[in-house]
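What follows is a short report on a single structure.
The values are calculated or read from the model by the stated rules, or taken from the named source; none is laboratory data. All of these numbers come straight from a predicted model, not from anything done at the bench. Here the Cβ is made from the backbone with ideal geometry for all residues, glycine too, and neighbour counts use every protein chain on show. Note: areas computed on protein heavy atoms with side chains; ligands, DNA, RNA excluded. Shrake-Rupley method; radii C 1.70, N 1.55, O 1.52, S 1.80 Å.
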Amino acid sequence: MARRLHLRRIELGQIDHEHSYLSQCCYAPDVDRYAALVDALRAEIPGFRIVRKDRSRLHRAIHRALIVVTFGRMTSYLDSYQTTIGKTVYVTSDWDDWDPDRRYVTLRHEAVHLRQFRKLTLPVMALLYLLVPLPMGLAYFRARFEMEAYAESIRAAAEVWGRDYPTATAYRSHVIEQFVGPSYGWMWPFRRAVERWYDGVVATLGLP
Ligand SMILES: [Zn+2]
């Protein structure tokens, strides 16, 4: 249970340099970053909304399917993962109880997916994300999309909790495990390559 709570705390989302309103420099300490980000996303993505996952029939069906295709190993989809589809971010039922900074960091990750959906359209994004070249074990596009989003997670975590946070072993290994482990269907099981990617993102923290 303790481990689970720990992991949930570090399930984080990421900064996109082209979006200057998310700039690391611009928040006064007393500004609710989460509320500001929700407002910014509403303006950027018309139709953007946040919905509870456990109230979505689609997500309950995905949950059951994931248990089957991961041989029973992925059982936490409904209560551990935030998921973006199209213009909607589906969140776990405890979302509103989270610390606003944690919601902010996670939403930064999901904002990357919102932009990916907008750029590619829902059918193309869904096809690439779910099936190309394989649904599991070697999911090149899923790994690319998630690398872009987790890079944002890393930057947002550094912004909120300090530059040392993403280099803490627990966080680093948690993120790497998302790529090489069952959580996303072993999407890119090349640990060395994922570690190099992670350390490359960390190396750019604080750079202009
Ligand atoms: Zn993601």
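Observations, loosely collected:
- Over region 82-143, accessible surface divided per residue gives 43 Å², non-protein components excluded, 1.4 Å probe.
- Converting phi to 3J(HN,Hα) with the Karplus coefficients 6.51, -1.76 and 1.60 and the offset θ = phi - 60°, region 141-153 yields 6, 4, 5, 4, 4, 6, 5, 4, 6, 5, 4, 5, 4 Hz in sequence order, with x at every glycine or proline.
- Residue-wise HN-Hα coupling along region 125-140, computed from phi with Karplus coefficients 6.51, -1.76, 1.60 (Hz; x: Gly, Pro): 4, 4, 4, 5, 5, 8, 10, 10, x, 9, x, 9, x, 7, 10, 4
- Extension gain (nm, one decimal) between Met136 and Thr121, 0.36 nm per residue minus Cα-Cα: 3.2 nm
- HN-Hα J in Hz across region 160-169 - Karplus 6.51, -1.76, 1.60, θ = phi - 60°, x for Gly and Pro: 7, 10, x, 5, 6, 4, x, 8, 4, 3
- Rolling a 1.4 angstrom probe over region 75-208 with all protein chains present gives an accessible area of which 60% lies on carbon and sulfur atoms.
- Backbone amide hydrogens, once placed in the peptide plane, bring Arg52 within less than 5 Å of Val91, excluding anything fewer than 5 places away on its chain.
- Centroid-to-centroid, using Cα positions, region 104-154 and region 157-208 are 16 Å apart.
- Within region 118-159: backbone nitrogen closer than 13 Å to the Lys87 label point (7 Å, Cα to C-beta): 118-119, 122
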